[in-house]
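The structure appears below as structure tokens.
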């Protein structure tokens, strides 16, 4: 029989066995995390690695693995932070440096990536990853010769990884050796028959040669290798579209949807594909078919509503969303809330914040912490110029969800509305520490600097955005618009030389050049203005604004028969390029008047004034025409509005004289 002391001793042994040293515990958490990571359970793996760090904050390996988890989840900023920490704690960890270097290359941090490559090669001179990283950085700096030496050496050592052939092929193409580039890709495929990047590169080359049957085979091969990858099916469908084989593209996309007919995600992907390829009707059809199968689907109805909203068919968009809302009657139904949020966003988008307001209030009544509702509420308050209210709305989100950058941007704009520029910038700088590469935060910072009239700081940030996102069309458009704003700013401040210098520095910004021409017109430097417009048309013959502006100056300032004929040709072409422009219609009408075609002139200018009824110059032109046609009562009515207009414009004194004359003749 076991006595009492024996039982106590046995319990103590069991408990002690369960305790373990801190080192054993952290290793246990680490191994558990690795197992979960292999199983694809990133959420639980992340927790295990964090548990290991809690026991030993100086333990490098879990930081490295957390970086890999975040990288797999596409949280690149977080991954960067973890890899940096791993390298700092364990400078000898080559794996950490390799992962950090690759991430830096992806983020265009080439100098830092080269530092990591050199550190790797210092420790392991033949490290393949380090050599590949160095070659990548050399290629980014156009140092193709040195990159080629590294890659050829690796190939000579028997390395057959796909990237070697892809990079060597790219170098060959840069040197104009298209045949050699193709041969390298073929060699790469021979040694890596299941490499999708090599197959896709070969497909691009065959497409360039119009070898359509080979392109089709290669794209179908990628699909067979990864049948679950919808992107490869879209590649094939997109290829068919470029060749005008729309019916075959439809077949491919229908097979994508049919592979999981109940899947909202598949239909959403298909709809996005059709939209990207300007096939809106196909996108609508895919979504409508999905809604027919599942009328209560939030995702499909929201996506369809967004398509209608984008084309300003707000009634259709609202109908789609309201029908979905009606299928979710319970106030606490999360799908009901999603439809309410979508309707509030739609109302705000169409410029009706008053309609969005009660919807948001209803959501917050049932769910006071709803993030989307607070964000919309903040934007509504911003539109109402209620800075204090907007600060309160956005602060709720920032406090509870500091990782939502839209809330930081909204809060900064609210502070700026209150003229608390320092607070606005401080908040954005704090947010940038959490997400250093956030373009939205940088854009907001530039806006605040502009409001402070700190032009150099704003320009520096806008240039930084372009440097970070060289292929992003929206960022480039923002930068171009910013330059136009700067030209206007310099013109308004009487800083013409700075405006000129800016346009010289960025000669391809046509809108900025047009703005410079406008500045010269306002300064009555008509020869300079005409020279600017001529320069634009030499670069971009189809610029409707430059053609219109030059046509007007030709007919007004150099009214020879030849100049009037050229002005007519320019204005007619401008209208064909921009047929709805009231300003071009006015110019063409004014030229017709100068040519003696008064009836035709009146048609153009009446149409223009109907589009912009408060425009004083167009109204003046119509007044002149009516007077010439003997329609003095109508001339008086139009000219009265012109002379009573508080705006100052060059024709105002002439309008007053003509108005007086018309009134005297009545």
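Nothing in this text is a laboratory measurement; each read-out follows from the coordinates by a stated rule. As the structure is a computational prediction, the values presented were derived from the model and not from experiment. Here the Cβ positions follow ideal geometry from the backbone for every residue, glycine too, while neighbour counts run over all protein chains shown.
Quick notes
- Any hit, region 141-161, residues being under 31 Å from the mean Cα position of the chain (by Cα) and in a helix (DSSP H, G or I): no
For every residue, the table says whether it meets (1) part of a helix (DSSP H, G or I); (2) within 25 Å of the chain's Cα centre (by Cα); (3) surrounded by 15 or more Cβ atoms within 10 Å (Cβ to Cβ).
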| residue | (1), (2), (3) |
| --- | --- |
| 190 | yes, no, no |
| 217 | yes, no, no |
| 221 | yes, no, yes |
| 224 | yes, no, no |
| 248 | yes, no, yes |
| 253 | yes, no, yes |
| 267 | yes, yes, yes |
| 282 | yes, yes, yes |
| 291 | yes, no, yes |
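- All of (1) touching a residue at least 40 places away in the same chain (Cβ under 8 Å); (2) more than 30 Å from residue 231 (Cα to Cα); (3) crowded, with 20+ Cβ neighbours inside 10 Å hold for residue 309 with one exception: (2).
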